[in-house]
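Notes follow once the structure below has been shown.
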Amino acid sequence: MLVRPPEPDAGQIRKLQRHLDYLVVSEAHATSRGKGIVVAILDTGVAPHLDLRRNLLPGVDLLADSTRNGWQDADGHGTAMAGLIASHGQSSNRGTLGIAPDAEILPVRFKSAGQEGTARDLARAIDYAVSNGADVISISSTGGPDVGLQEAIQSAKQADVVIVAAAGNAPDDQAVGFPAAYPDVVAVGGVDQRGVRSEVSVSGREIDVVAPAVEIFSTNFDGGYRVGTGTSGATAIVAGAAALVRAKYPYLPADEVAHRLTATAIDKGPPGRDDQYGYGVIDLVAALTADVPPRGFESTPQTGTGQRTTEAEGPEADENDTATVRGMATLAVLLAAGGCWALIVRHRRRSDDPPPRISR
């Protein structure tokens, strides 16, 4: 007889968020916590969970009356993604902690429980996010190509918005889905708790980076917590990473934010970019501190973390200043995450077999 384990409570959940140790989040937070950055979550809505509510902005429900603010989530998927990105938890290490706990969440509900939204609805969701101040857009959905969707992505690019999207989940997906497969989108795959590509993660030449995707704990729509496996969770983690970088380097344009994420990723698989890991496993600390030359500049990459940034990237931000300043460049990147929760080769650090940071 199988006995279902009890649901974790607010006092237990932080220990179950093993991806926090794997990604050395505490060290990254000493440099940036995402203050002043707005991350739009295009999903099933975001419930006002106790771990999230201070960071939750009024958004929109594109499937219902436009006066609804996107805080309705009968599925839990969107709330889980929001928790991974920006949950602030509760006192004394209770509750969940997001990758960018000082960032703000803009919920854009474009799909309902158990159903994927249409490409037209997703395009509308992107347009809404861009028009309402999003610095980063996180999309944990996949589908087919669509002209209107591609146009919305181009509009986001012109507005200097970073878009992150999921690559997709096997066996339902056999190749990298859209919008992740479009140019100017950061396509995210997943790794397991050992840092090895997860079986659920699709592969393809569009993959840019990978992040933890197996047994990822986060917030749920009912005020409790949930665990999920898939490239959706990995996408939310990378969207949080983009928020950290944008807060630290407010003058850095979107394409350089994506370059910083790929250039500092920990190489896995065959040397160089490959179809399973992309440029490698996201490295939060290196993305925030490494010396990364701008795109197009050839130089020997720095190894390890803690290197100062180049002056070409502009001054670092004071996290006490919530204003987000952007450079004149208007190139953007899409971060996409799909399915179920679920570029020239960059200069990167390589680790043939980096020691696992995740507790077992």
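The values are calculated or read from the model by the stated rules, or taken from the named source; none is laboratory data. Being a predicted model, the structure only gives us computed values, none of them experimental. Counting neighbours? That spans all protein chains shown, and the Cβs are built from the backbone with ideal geometry, glycine included.
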Subset of segment 43-63 (residues that are in a loop (DSSP other than H, G, I, E, B) and modelled with pLDDT of 95 or more):
T44, G45, V46, A47, P48, H49, L50, D51, L52, L57, P58, G59
Restricting to segment 264-275, count the residues that are surrounded by fewer than 24 Cβ atoms within 10 Å (Cβ to Cβ) and under 18 Å from the mean Cα position of the chain (by Cα).
1
Test result for Y249, under 22 Å from A40 (Cα atoms), aromatic (F, W, Y) and either surrounded by fewer than 24 Cβ atoms within 10 Å (Cβ to Cβ) or within 19 Å of the chain's Cα centre (by Cα) (or both):
yes
